[in-house]
1. Considering only protein heavy atoms and a probe of 1.4 Å, how much of the accessible area of segment 100-199 is carbon and sulfur, as a whole percent?
2. Quick one: 3J(HN,Hα) in Hz for segment 216-224, Karplus 6.51/-1.76/1.60 with θ = phi - 60°, rounded, Gly and Pro as x.
3. Using R₀ = 30 Å, calculate the FRET efficiency as 1/(1 + (r/R₀)^6) where r is the Cβ-Cβ separation of Asp48 and Lys152; round to 0.05.
4. What is the sum of charges, Lys and Arg at +1 and Asp and Glu at -1, for the other residues whose Cβ falls under 13 Å from the Cβ of Phe163?
5. Percent relative contact order of the chain, based on C-alpha pairs within less than 8 angstrom and at least six residues apart?
6. Under 10 Å, Cα contacts only: if you run a Gaussian network model on the chain, which one of Ser208, Ser74, Ser243 comes out with the highest mean-square fluctuation?
7. Enumerate by residue number the trypsin sites (Lys or Arg not before Pro) in segment 59-110 meeting two conditions: DSSP loop (anything except H, G, I, E, B), and at most 12 other Cβ atoms within 10 Å of the site's Cβ.
8. Tally the DSSP beta bridges in segment 116-187 and give the antiparallel ones as a percent, rounded to 5.
Amino acid sequence: MITLGYNEPSLNIIEVNMINFPDRRRTDSLKWGLFGDEVLPLWVADMDFSSPMEVIAALHERVEHGVFGYARESRELKELITGRMETLYGWKITPEDIILLPGVVSAFNLVSQMVAEPGESILIQPPVYPPFFDAPRHGGAHTVFSPINPDKNGEYHIDYSAFEAAIEDDTRLFLLCNPHNPIGRVFTREELLGMAEICLRRRVVICSDEIHSDLIYSGYHHIPIASLDPEIAASTVTLIAPSKTFNIAGLECSALICTNPDLLK
């Protein structure tokens with residue numbers, strides 16, 4: 001039995017039964033089907049143990065209803081998200097600040113195309129997972145880079161001078177990955193404030209992919225960058241999803257959060 005949880009002792013612990021490993025070969029699994037049976041696939045954040053029983057039970061209940069027509073957007077889900085953000089991070093948002101979308105990658109592609117015009121630029125921090133490199137191109141923008149490089153001890157830190165130097169006059173968006181995939185950093189308050197201050201001063205919108213925010217090592221605490229300050233929040237779009245936390249990526253559900261009505265529109 002492995003236990004995944006949060007640093008706050010008041011929160012319920014999520015228990016995942018590690019005994020049940022269904023065979024995913026010769027199913028529709030992208031992870032196991034891309035390279036064939038001879039390769040042990042470690043290339044994508046997709047877990048191989050069963051999802052929580054509560055999720056499976058809820059899906060059974062829905063399937064047994066037997067009708068799968070057009071659905072309304074769930075107010076209950078949005079209220080659950082607002083409660084979760086306040087409980088975990090002290091971040092107060094409203095259901096009106098949320099747009100539900102099929103996935104985080106779809107969401108940051110959408111944000112990229114809404115914020116940056118063709119020919120303008122978008123800032124990313126390599127090494128970062130592949131869809132970040134594709135998003136600017138999909139909207140006709142070009143990419144500028146501020147790499148996060150390891151020091152002599154193999155630790156990754158933000159170089160603020162290099163970060164600002166990478167921003168061009170036509171840079172409209174910063175695609176942030178926090179916690180960072182693949183280097184595994186949970187950025188500190190000071191790091192987030194440093195990057196946000198530069199973006200605010202240079203009038204660059206922040207789009208923060210926070211899909212891995214629940215899966216962090218003990219002793220660390222995830223901070224949504226938009227929760228730091230109302231001025232930062234007004235220039236930030238935050239992306240979250242239950243897919244990594246509960247192993248339900250195939251259900252294609254994510255949430256875009258933005259407390260600035262004009263930016264959200």
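1. Carbon and sulfur atoms account for 55 percent of the accessible area of segment 100-199.
2. Values, residue by residue: 10, 6, 4, x, 10, 9, 6, 10, x Hz.
3. 0.25
4. Neighbourhood net charge equals -3.
5. Value for the chain: 18 percent.
6. Top of the fluctuation ranking is Ser74.
7. Loop-located and lightly packed - Arg72, Lys92.
8. Around 10 percent antiparallel, to the nearest 5.
The values are calculated or read from the model by the stated rules, or taken from the named source; none is laboratory data. The shown structure was predicted, so the numbers you read here are calculated from the model rather than taken from an experiment. Neighbour counts run over all protein chains shown; Cβ positions are idealised from the backbone, glycine included. For accessibility, only protein heavy atoms count, side chains too; no ligands or nucleic acids. Shrake-Rupley method; radii C 1.70, N 1.55, O 1.52, S 1.80 Å.
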